[in-house]
Amino acid sequence: MPKTLVLLGLSLLVGATDAMAAQKSAKPKASNRPIRALLVTGGCCHDYQRQKLIITRGISARANVVWTIAHQGGTSTKAKIPLYKNKNWADGFDVVVHNECFASVRDVEWLDRVLAPHRQGTPAVLIHCAMHCYRTGTDGWFRFCGMQSPGHGPRYAFAVEPLVANHPITRGLGKGWQTPKGELYHSIKLFDTATPLAHAKRRGDGKPQICVWTNRYHDARVFATTIGHHNETMVEPTYLDMLTRGLLWAVGRDCRKDFRITDKKTNDTIAALAIAPAKGGSTGKVVVSKCCGEGNVAFGRVAKASSEETNKNNFARHAIDGDPRTRWCAANGQSGQTWQVELGKPEHVKSLRIHWEKPGTAYRYQVQSSSNGTKWETIVDRSKNKKVRRIVSETVDAPGTRFLRVRFLGSSSGMWASFWEFEAGTEKLPPLPRALTKATAAAGSSLADVTAPDDVDVTLFAKPPQVNYPVCLAAAADGTVFVGVDKQGSLGKKPGQGYVLRLRDTDGDGAADSINTFATMDHPRGLFFDNHKLWVLHPPLLSVFHDDNHDGTADRQEILVKGITTDQLNQRGADHTTNGIRMGIDGWIYIAVGDFGFVKATAADGRQMTRRGGGVLRIRPDGSEMETYSWGLRNIVDVSVDPFMNLYTRDNTNDGGGWDIRLSHLHQSGRYGYPSLYQKFADETLPPLADYG
């Protein structure tokens, strides 16, 4: 039965002792296998864009954890995120970290779907607003949390006081810890499956409120804390230490042996994330961010180098952090640069793997081993290497090794000493994920951030500085690629910043080697090429550029539509305007229209139209028969037309007004409800295929 938290004296400590005894299971074990963690984040009222970085990087700096991040639901409290629509959403993960805020989702069946994996034993970590989620009118979510909280008081820093001496989770708190900022949750009910570990006293009446605890939910261990509203609190080493130990406890790992102490550099790097520029937004995409920990005795150990490219944060420790997006690089290109790692204890090293920075370079180097860090033995000698390989595996026999050192001796292309990851195994190292074995997956370009199905090969066709600020593209039948470039992005108004590039691969190696400007215009937003003619949507115009002499450069411009935008183009740039064209096999050009619409759009045949709101127009390639195809969308991004003439659009949220990110299947003459019907008369509109919150 639940008990109130008004009496927190001796009776609370007795209850804590009883609950702790009930939670005891097998003795925790240390393990080299990475913990596979899923972070679920998104919703209202918190800086989840930065917090997902703080949590994942902060914990992985302290324990061998690999992450999958599901950041979904926008900023709404009532989003039913796509992740949970799959009943097997937690399969393959050792623990789920809930840092989400969906308090207005009141569907009991939906809650059952969220809780199902945890009822079956999947451990959990709950952070701050997770305690306020899924208020269905039942105590289902609160029993999972182990505590019920109805809300919080004003924001102020508070002192966290441990209740259980020497508990493996809170031992780093000492006699107490002061948060730099805070939002203390009211704790009104503790369930008898929970063990309170720390509390903080409420300002005003001084009543203690439980803020750190553990819970037993069926067969699952749950660690929870209401601390963590502010980034400034979350980046504190004391907080991340506690969070990491809580996660280790939840999965049954040894909080002493599997926990790593971080150094000042690491702590400073993570602290900077509190105010770092936030990139992107909430997405439905799941992003995997770690590798190379399994079987790697060098993972997370102490590394140093003869020099570091500190101005780009390419430190020695990044070569053993398991993140394929960070690397060590020397401060210059001189031969003789060294990088080394201390393994912590003597190991019989039998395998090595080095992930060099560049794919098109033959690196020359030696790998040496030592038992004491002073006397070295060469175990790999590639001082005369001419073979181009980015990821290099080596079989060695080096018993009693406590130190490993890589000595850089030069490269075929003049590249500096630099590698993404270094691995050392006492047996054969496990296979790498397929994405990492692709030659360009971490080649210093944007491909490190590209995800694709396993049967799709991703290669780099062109890159900066030759191609910068791409906005749209089209391909010709011979493989020529046209790229629309807008150097000022979506909000710029300055003329003369747009053009279309023509890219060709003339030698068949998969990369563009011939690049020229095909035509210039402002705000290119959509392209289609056929028979030496390039149709370009560049609001306020739709034009076709003719290459009459077939030399790869446009000779003349023919305007098909004028005024296909509004005066907002001159006030805030090409944002929310027409932004994509596709040619269907039916011979129509389909035009995506943002919610600003257009005023007095005039086609080549004289037809004139004015529409507010967003949707899809279509027009013949000669600029005739302009008409509305479907309407009632908001700020759609392009339009997709398949070979069967199915049209699809991805729409953007109206920032909290109830119109969420959505995928729509468009029907001719269809009305989709924005801006006047979707709230009160949704049954009079066509629904989307999927609503992503």
**Message:** Contact list please: Cβ distance under 6 Å, first residue in the stretch 184-196 and aromatic (Phe, Trp, Tyr), second residue part of a loop (DSSP other than H, G, I, E, B), pairs at least six apart or on different chains.
**Reply:** TYR185/SER149; TYR185/THR226; PHE191/PRO2; PHE191/GLY146
**Fill in**
Scanning the stretch 171-225 residue by residue, those closer than 21 Å to CYS101 by Cα, in contact with a Gly (Cβ under 9 Å, 6 or more places away or on another chain) and surrounded by fewer than 20 Cβ atoms within 10 Å (Cβ to Cβ) turn out to be HIS186
**Request:** Please tell me if ALA26 is aliphatic (A, V, I, L, M), touching a Lys or Arg at 6+ places or on another chain (Cβ under 6 Å) and modelled with pLDDT under 90.
**Result:** no
**Request:** Quick one: which residue in ASN570, ASN531, ASN516 is of a type in the set (S, T, N, Q) and more than 22 Å from PRO470 (Cα to Cα)?
**Result:** ASN531
**Asked** Would you pick out the residues in the stretch 129-165 that are over 32 Å from the mean Cα position of the chain (by Cα) and on the phi > 0 side of the Ramachandran plot?
**Response** GLY137
**Message:** If I ask for residues that are crowded, with 19+ Cβ neighbours inside 10 Å, over 14 Å from ARG620 (Cα atoms) and not hydrophobic (A, V, I, L, M, F, W, C), which ones from the stretch 526-546 would you list?
**Reply:** GLY526, HIS538, PRO539, PRO540
**Complete:** Within the stretch 569-593, the count of residues that are part of a loop (DSSP other than H, G, I, E, B), of a type outside the set (Gly, Ala, Ser) and farther than 25 Å from LYS487 by Cα comes to 3
**Prompt:** Does LEU248 satisfy being in a helix (DSSP H, G or I), closer than 23 Å to TYR48 by Cα and either without any contact (Cβ under 8 Å) to a residue 60 or more places away in the chain or touching a Phe, Trp or Tyr at 6+ places or on another chain (Cβ under 9 Å) (or both)?
**Reply:** yes
**Item:** Sole exception among (1) crowded, with 21+ Cβ neighbours inside 10 Å; (2) on the phi < 0 side of the Ramachandran plot for HIS523, by number
**Value:** (2)
**Item:** Only one of ASP642, ASP638, ASP683 that is over 29 Å from ASP605 (Cα atoms) and not basic (Lys, Arg)
**Value:** ASP683
**Request:** Can you tell me which residue within the stretch 310-347, out of those that are among the hydrophobic types (A, V, I, L, M, F, W, C) and assigned to a loop (DSSP other than H, G, I, E, B), is surrounded by the fewest Cβ atoms within 10 Å (Cβ to Cβ)?
**Result:** ALA331
**Item:** Any hit, the stretch 100-113, residues being in contact (Cβ under 8 Å) with a residue 60 or more places away in the chain, out of contact with any strand residue (DSSP E or B) (no Cβ under 6 Å at 6 or more places or on another chain) and acidic (Asp, Glu)
**Value:** no
**Prompt:** Here are some conditions: (1) touching a His at 6+ places or on another chain (Cβ under 8 Å); (2) part of a loop (DSSP other than H, G, I, E, B). LEU126 meets all but one. Which one does it not meet?
**Reply:** (2)
**Asked** How about the stretch 45-86: which of its residues are more than 27 Å from VAL297 (Cβ to Cβ), of a type in the set (Ser, Thr, Tyr) and assigned to a helix (DSSP H, G or I)?
**Response** TYR48, TYR84
**Request:** From the list VAL593, VAL616, pick out the single residue that is modelled with pLDDT of 90 or more, in the same structural domain as ASP486 (by TED's automatic domain parsing), of a type in the set (Val, Ile, Thr) and in contact with a Phe, Trp or Tyr (Cβ under 8 Å, 6 or more places away or on another chain).
**Result:** VAL616
**Message:** Checking the conditions here, which among ASN549, ASN570, ASN516 is surrounded by fewer than 17 Cβ atoms within 10 Å (Cβ to Cβ) and touching a residue at least 40 places away in the same chain (Cβ under 8 Å)?
**Reply:** ASN570
**Residue that is farthest from LEU409 (Cα to Cα), among those in the stretch 349-368 that are part of a strand (DSSP E or B) and of a type in the set (D, E, K, R)** = LYS350
**Fill in**
Pairing a residue in the stretch 663-689 that is β-branched (Val, Ile, Thr) with any residue that is outside any loop (DSSP other than H, G, I, E, B) and surrounded by 12 or more Cβ atoms within 10 Å (Cβ to Cβ), where Cβ atoms lie under 8 Å and the two sit 6 or more apart in sequence or on different chains, gives THR685/GLY632; THR685/ARG671
**Request:** Assess whether LEU247 counts as being modelled with pLDDT under 90 and crowded, with 16+ Cβ neighbours inside 10 Å.
**Result:** no
**Message:** If a residue must be closer than 16 Å to LEU240 by Cβ and among the aromatic types (Phe, Trp, Tyr), how many such residues does the stretch 169-187 contain?
**Reply:** 1
**Request:** Could you tell me whether any residue of the stretch 372-390 is part of a strand (DSSP E or B) and either modelled with pLDDT under 95 or outside the structural domain of ALA330 (by TED's automatic domain parsing) (or both)?
**Result:** no
**Request:** Could you check the stretch 476-526 for strands (runs of 3 or more DSSP E) lying wholly inside it with 2 or more residues that are within 25 Å of PRO539 (Cβ to Cβ) and either modelled with pLDDT under 90 or of a type in the set (D, E, K, R) (or both)?
**Result:** none
**Request:** Answer yes or no as to whether PRO168 is under 30 Å from the mean Cα position of the chain (by Cα), on the phi < 0 side of the Ramachandran plot and either surrounded by fewer than 20 Cβ atoms within 10 Å (Cβ to Cβ) or not assigned by TED's automatic domain parsing to the domain that holds ARG119 (or both).
**Result:** no
**Request:** Please identify the pairs in which a residue from the stretch 42-57 that is over 13 Å from LEU240 (Cα atoms) and of a type in the set (A, V, I, L, M, F, W, C) has its Cβ atom under 8 Å from the Cβ atom of a residue that is modelled with pLDDT of 90 or more and part of a loop (DSSP other than H, G, I, E, B), counting only partners at least 6 apart or on another chain.
**Result:** CYS44/PHE102
**Prompt:** Does at least one position in the stretch 109-124 carry a residue that is buried (at least 20 other Cβ atoms within 10 Å of the Cβ), in the same structural domain as TYR185 (by TED's automatic domain parsing) and closer than 30 Å to THR269 by Cβ?
**Reply:** yes
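The values are calculated or read from the model by the stated rules, or taken from the named source; none is laboratory data. For clarity, every value in this text was computed on a predicted model and none was experimentally measured. Neighbour counts run over all protein chains shown; Cβ positions are idealised from the backbone, glycine included.
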